[in-house]
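Single-structure report; data block below.
The values are calculated or read from the model by the stated rules, or taken from the named source; none is laboratory data. These figures come from a predicted structure and were not determined experimentally. A quick note on method: Cβ atoms are made from the backbone with ideal geometry, for glycine too, and the neighbour counts reach across all protein chains shown. These area figures cover heavy atoms from the full protein model, side chains too; ligands, DNA and RNA do not enter into them. Shrake-Rupley method; radii C 1.70, N 1.55, O 1.52, S 1.80 Å.
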Amino acid sequence: DTLQSPRVPQILAFDLDGTLWRPEMYELWGGGSPFTVEGECLLDRSGTVVELLGVTREALRAAKTDPVFEDTLVAYVSRTDEPSWARECMRLFEA
C-alpha cells in the first residue's frame, strides 16, 4: 500500500455576507464605511459590529499561508449591494 497525498482543491470560493461574516452589508445602511478594527471585529461608522463567523479566520489564514494551498486560487463571491464595503472589510480582516 502506498500513501496517497490528500486531494487539494484548485480553487476555494468563499461567499461573503452571512457566510464569512455578519451582519450582511445591506444591514449596515445608515452606517457602513469607513470601518475600523476593534479587536477581532470591525465597527462601521455607526458603531455596528461586523464579525467573522465560526472558523472563518482560521480557514482564510490556512488558505493564505499553508503550503498545501500554494497552487490553489482563492476567490470571493458576493451579490452584496455594497461591494466597496465588502472589499474594505476583506482588507481590514486581512483576508
message: Quick check on this structure: which one of G47, G31 is in contact (Cβ under 8 Å) with a residue 12 or more places away in the chain and in contact with a Ser or Thr (Cβ under 6 Å, 6 or more places away or on another chain)?
response: G31
- prompt: Is at least one residue of the stretch 34-57 at pLDDT below 95, loosely packed, with under 10 Cβ neighbours inside 10 Å and of a type in the set (K, R)?
  reply: no
task: Please indicate, with yes or no, whether at least one residue in the stretch 81-90 is touching a residue at least 40 places away in the same chain (Cβ under 8 Å) and open to solvent by 80 Å² or more (accessible area, probe 1.4 Å).
output: yes
statement: Within the stretch 7-33, residues open to solvent by less than 80 Å² (accessible area, probe 1.4 Å), of a type outside the set (S, T, N, Q) and under 16 Å from the mean Cα position of the chain (by Cα) come out as L12, A13, F14, D15, L16, D17, G18, L20, W21, P23, E24, M25
